[in-house]
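The structure under discussion appears below in the form of structure tokens.
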Amino acid sequence: MMVKHRSSEALTPQISAIEVFVTRPVVAISFCLLIMLAGIKSSLEMTVSEFPQIESAALRIHTTFVGASADEVKSFITIPIEEAVSNVSGIDYVDSVTKAGSSIVTVWLNLNEHVPDALAEISTSINRIKYKIPSGAYDPQIEIIRADRPWASFYLPVILSDGMSRTLVTDYLERNVVPVFSAIPNVRKSEVIGGRAPAIRVWLKPELLESNNVSASDIRRALLENNIVATFGKTQNSDKRVDLFVNSLLTDLNEFESLVVRQDIGDLVRLRDVAEVELDEEEGYENTRFSQDDSVFLSVWPAPGANEIDIADRLYDEVDKLNGSLPPEMQIRIGYDSTKYTRKAIKEIFITLLETILLVGAVVVVFMGSFRTAVVPLIAIPISILGAVASIYALGFSFNLLTILAIVLSVGLVVDDAIVVVENVSRLVGQGMTGTEAAIKSTRQLFSPIVTMTLTLAMVFIPISFLSGLTGALFREFALTLAIAVTISGVVAITLSPAMSAFVCHRVSRDSAGVRFVTEKFDRVRRSYASMLSLILEQPGCVLVVYIFCLFLLLPLYNFSKKELAPIEDTGALMMVISAPPDASLEYTTKHMQAIVESLESLSGGQFMWQRLDQSGGFAGKTFVDEDKRTFSVMEMLPDAFRRLSSVPALKSFPTLETSLPTAGNFAVELVVQSTDSQQKMLSFARQILEEARARGKFIYLDTDLIVDLPEANIIIDRNKAFDLGLSAEDINLQLSTLLSGDFISQVNLSGRAYDVIPMVTEQNRTSPTSLMNVKIKTSSGVFVPVSDFASEERKASPRSLGRFDQKNAFRVFGAVVPGVTKEEGLAALEEVVDAIVPNEYSMNYAGESRQLRSEGNSLAASLGLAIIIVFFILSVQFNNFREPIIILLGSVPLAIMSALIFTFMDMTTINVYSQIGLITLAGLGAKNAILIIQFANRLKIQGMSSVEAIKQSADERLRPVLMTTGATVFGHLPLVFVTGAGAEARNSIGIVLVAGMAVGTIFTLMVLPSIYLWITKETSPPTQHRLTVA
């Protein structure tokens, strides 16, 4: 094949390679059949997921330092770890939460950052600073978590019926079920939540310790020195080797009870003499409940970027197998499954796809007036869709909500070029040509416009694929799928469509009732349009004023439209973040959670409620029946749910909705205030911000994580008194931590698993800080003295937690917006308040969805500008000048976008990532129609017509294909406007923009484009257009 540049004057019968598809239609048919076969095979092998595969991950570094205050943990653990990891590559930001005895530093990675590399780098950084971490602290534990969801994807409850032991159930599940779930491919971890592992509990009795002259240090030493894993080694000679083992580990309760803890002359004190030893359970830090039933949860956490639907299918199979072999009183249920919404959304979008195909088919048949003629554009639909499927499969994409949405959108777009071809062939046949002659001439006339229109529409999506961040990661597959489908439709339009048109058009009588009826209607519309166009062209000044007015409307329409990252979807679940009082126990939180569950039981369509609770609060989720089976959407229930939850004062509960896109965070609005000031100094600003922001009336609730109400008792050691008694700080710490901390000292091997050995005083000796002052410890002289002899108690209120963000002290303000207020409006209002209250040296930052909103909210607007620039240069190359591209873009794109923005301004949708995709699509669609008119006008000018006559006749002749392609687009996307169910809000948004923009924008373009053409073009023939001619 040889490519030559030829001027338009030399165009005559050259394009022989393209004519082959008309003269030898089997070539075109075989080519298209191969595309369809590849698409069918690919569709059977493609995976299905909610979103394109992205790795939205964070690394959580958890360090425990039992008995240390929050300030000590922050100074000695949190800050050194933050400094160590802050310079690791691929990090978005680092935040931390420090509490008494606990440090959690979370390293949030950039999207699609390679997690193993980041994990290795962070592990190395932490190893370098381990020497700085106090010896009493545990080693930092690094865990990979999903950044977009703080809870697991699956919670499977095992209800604890009467008589069932939580410990035994936990042990059974750990041994028999967790390994099965963990072995499912792409499961990052499975664990038992709310369970209690068995433990040897050594309940120390202070009065017996004193009477037997045994200190807590003696207990600790005895357990450490007499319960060890001994390694004797082996014996070996020239003939054999024997490994040596010894029974240095204690293996049952009797051995523990008989353990000698102190020895005098002729007097042995054993552990049973000073303590009660029993096989019990470790101290519980978390409870789980399923509605009103105490339960143990099995959680399953997919790896970042994993196909969760595939995991769910395998998980359900394993649950069915396990339930057949479990004890009869123990059954695994499906509590929370995040893929249920995904499955419903994918089902709904496939239904929309079918509706779109049927509707486009009906519209094409009606516009053509003949089913035989309509087959030509209709056949382009399956070929383009299946070709796109084969291409995206080769690129490693999946069937997901966005690629399927792209396919739905493509249905209304891929018929355009074929409609233009068959309409032109039909018109030429009506002038007396044979079908083959008409097809060949039409191919010559339309080859260049179709290539230009196809490239124009396909290329507007390319800038989206180069976006960074969440928007780029999510919509790259969407953009490429749509671009590929449009490109294949262009290929079909210049190969198969002319061949089919040659066959069907000469067999369709223009006198048939259907064709005659449609032709008459179009002729009537064409005559009306021609008359109106003549009047418009006689009033260029009025047109200019109207056009400039439309241009000036663009900015206010955009600025006064509501904005958000993505529409809020009804996922059929209401999530809750629970906050307990500062001095609450786990038992307190669990007890009062019953009232929370009861308060939500009467919500319309409610099913069950899973709860994951700890001492400070926890997470919960209320699930509902499908949307069509209940009266209200979950979004509408949010204010009522908050009122109900507020009626339970024992716990503070914040209802929230699952995010529509895979973003981090739990709340609709999350703003971070940073400073070098202490939390105590920042507290007054936090309170002022809440008061002012709540008064704006945009929030259902608003709160902060900076709350200073945690009762804290400081034991002030008088070092002089302690020295006089022969007690060092180490002695005091060792004895009191053994008596009170509940930390394990050693471990025991029971049935092949290691369990903790935990010494601790009985509960009645540790009911309050005051009772601690009466606890006695042993001095170096062997005398037992109460703590009150060398220490005093001081109480104060401290922050519940010490928050930091990017190595600065920080607090967060978070909340939910009232229905009708977008997250952007809520965040903007909060920013105003913060900016007015905090000092200049304070700074604002963002977390969760608010961070995505601020960093990527306008990224697609920039893509729209880049898309227009790309289209301009494509048109410039095609027309070999800059004049016609300016005419095409000015006469179509601003008018289509303005038409769509009218509907966003009217609150029919918002400016979000989906509607912005619609605006980008409009830019390409509007330009396509303008190309068709301008290119034919230039052809008529070459034949000697004046600019006025050329544009009039071109607009008149091209009116029918323009209206037909617009009708196919509008009616093809109409199901998106009215669709309901899972994922409907996103489809509604893009559908409204496309339907409104094309319907209204095409009318504007048909009226204004000819005038713009006359303003800019000259009476002389246009410059020679260089086209690619295939010889």
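None of the figures in this text is laboratory data; all of them are computed from the coordinates on show. From a predicted model like this one, the values you see are computed outputs, not experimental measurements. Using ideal geometry, Cβ is built from the backbone for each residue, glycine included, and neighbour counts are taken over all protein chains shown.
Please find the FRET efficiency linking LEU224 to ARG687, where r is the Cβ-Cβ separation and R0 is fixed at 51 Å, and quote it to the nearest 0.05.
E(calc), rounded to 0.05, equals 0.55.
May I ask for the angle, rounded to the nearest 10°, between helix 947-978 and the longest principal axis of the chain, with both axes built from Cα atoms and the value confined to 0 to 90°?
Long axis of 947-978 versus the principal axis of the chain: about 30 degrees.
Roughly what angle does helix 859-879 make with the longest principal axis of the chain, taking Cα atoms, 0 to 90 degrees, to the nearest 10?
Tilt of helix 859-879: around 30 degrees.
Out of SER125, SER153, ILE357, whose Cα points farthest toward the positive end of the dipole of the chain (charges: +1 Lys, Arg; -1 Asp, Glu; placed on Cβ)?
Checking the options against the dipole of the chain, the answer is ILE357.
Hey, which lysines would be in cross-link range of LYS41, C-alpha to C-alpha under 25 Å, not counting anything within fewer than 8 residues on its own chain?
Here the lysines satisfying the reach criterion relative to LYS41 are LYS344, LYS347.
Under 18 Å from the Cα of LYS321, which aspartates and glutamates turn up, not counting those fewer than eight places away in the same chain?
GLU174, ASP310, ASP313, GLU329
Quick one: Karplus J couplings for the stretch 593-601, per residue in order, coefficients 6.51, -1.76, 1.60, θ = phi - 60°, nearest Hz, x for Gly and Pro?
Values per residue, Gly and Pro as x: 5, 4, 5, 4, 4, 4, 5, 9, 5 Hz.
Assigning unit charges at the beta carbon (Lys, Arg +1; Asp, Glu -1) and nothing else, what dipole magnitude in debye, to the nearest 20, does the chain show about its Cα centre?
It works out to roughly 4840 debye.
Treat every Asp and Glu Cβ in the stretch 44-180 as -1 and every Lys and Arg Cβ as +1, leave all other atoms uncharged, and give the resulting dipole magnitude about the Cα centre to the nearest 20 debye.
Charge dipole of the stretch 44-180: 440 debye, to the nearest 20.
Are there any GluC sites (Glu not before Pro) in the stretch 587-664 that are in a DSSP loop and have at most 14 other Cβ atoms within 10 Å? List them by number.
In loop regions of the stretch 587-664 (DSSP not H, G, I, E or B), the sparsely surrounded GluC sites (Glu not before Pro) are GLU601.
Using a Cα-Cα cut-off of under 17 Å, which lysines could be cross-linked to LYS941, ignoring same-chain neighbours fewer than 8 residues away?
LYS952, LYS1018
Would you work out the charge dipole size for the stretch 873-1031 about its Cα centre, treating the Cβ of every Lys and Arg as +1 and the Cβ of every Asp and Glu as -1, and quote it to the nearest 20 debye?
380 debye
Please tell me which of these pairs span more than 32 angstrom C-alpha to C-alpha: LYS652/LYS681; LYS74/LYS652; LYS776/LYS808; LYS622/LYS796; LYS698/LYS796?
Violating the 32 Å Cα-Cα cut-off are LYS776/LYS808; LYS622/LYS796; LYS698/LYS796.
Residue by residue, what Karplus-based ³J(HN,Hα) values in Hz, rounded to whole numbers, does the stretch 129-144 have, using 6.51, -1.76 and 1.60 with θ = phi - 60° and x for Gly and Pro?
Rounded to whole hertz, the list is 10, 4, 5, 7, 7, x, 5, x, 8, 6, 5, x, 9, 9, 10, 8.
Answer with one residue from SER1011, ALA418, LEU395: the one whose Cα lies farthest towards the positive end of the charge dipole of the chain, charges on Cβ with Lys, Arg +1 and Asp, Glu -1.
The residue sitting most towards the positive pole is SER1011.
At R0 = 25 Å, how high is the FRET efficiency between PHE549 and ILE1003 if r is their beta carbon distance? Nearest 0.05 is fine.
For R0 = 25 Å, the calculated efficiency reads 0.95.
At ASN720 and VAL260, where each label point lies 7 Å from the Cα along Cα→Cβ, what is the point-to-point distance in nanometres?
Each label point lies 7 Å from its Cα, and together they span 4.3 nm.
Would you calculate the separation in nanometres between label points at ASP626 and SER248, each defined as 7 Å from the Cα along the Cα-to-beta-carbon direction?
6.4 nm
For the pair ARG343 and SER585, what calculated FRET efficiency results from E = 1/(1 + (r/R0)^6), where r is the Cβ-Cβ distance and R0 = 60 Å, to the nearest 0.05?
0.90
Could you list which residues have their amide H under 5 Å from that of TYR93, counting only those 5 or more apart in sequence or on another chain, with H placed in the peptide plane?
For TYR93, the qualifying residues are TRP108.
How far, in nm, would the chain grow between MET635 and ARG883 when pulled straight, counting 0.36 nm per residue and subtracting the alpha carbon separation?
Gain on stretching MET635 to ARG883: 84.3 nm.
Computed from these coordinates, which is Cα Rg over 2.2 N^0.38 Å: [x] 1.19; [y] 2.20; [z] 1.09?
[x]
Using only Cα atoms and rounding to the nearest 10 degrees, what angle (0 to 90) does helix 729-740 make with the longest principal axis of the chain?
Once rounded, one gets 80 degrees.
Let me have the 222 nm mean residue ellipticity of the chain computed from DSSP H runs of 4+ only, each contributing -39500 (n - 2.57), with the sum over all residues rounded to the nearest 500.
-17000 deg cm²/dmol
Express the relative contact order of the stretch 889-998 as a whole percentage, based on alpha carbon pairs under 8 Å and six or more residues apart in sequence.
40 percent
Calculate, in nm to one decimal, what SER211 and LYS234 gain on full extension: separation in residues at 0.36 nm each, minus their alpha carbon distance.
3.8 nm
Pull up all non-local amide H partners of TYR846: gap of 5 or more, or a different chain, and H-to-H distance under 5 Å with H placed in the peptide plane.
For TYR846, whose amide H was placed from the backbone, the distant partners under 5 Å are VAL672.
Just need the relative contact order of the chain here, percent rounded to a whole number, with Cα pairs under 8 Å and 6+ apart.
18 percent
Among GLY981, VAL913, THR969, which residue has its Cα positioned farthest towards the positive end of the charge dipole of the stretch 845-988, with +1 placed on the Cβ of Lys and Arg, -1 on the Cβ of Asp and Glu, and the dipole taken about the Cα centre?
Farthest along the dipole direction, towards plus: THR969.
In sequence order, what are the phi-derived ³J(HN,Hα) couplings for the stretch 632-641 according to the Karplus relation 6.51 cos²θ - 1.76 cosθ + 1.60 with θ = phi - 60°, rounded to whole Hz, with x for glycine and proline?
Per-residue couplings from phi come out as 10, 7, 5, 4, 5, 7, 4, x, 5, 4 Hz.
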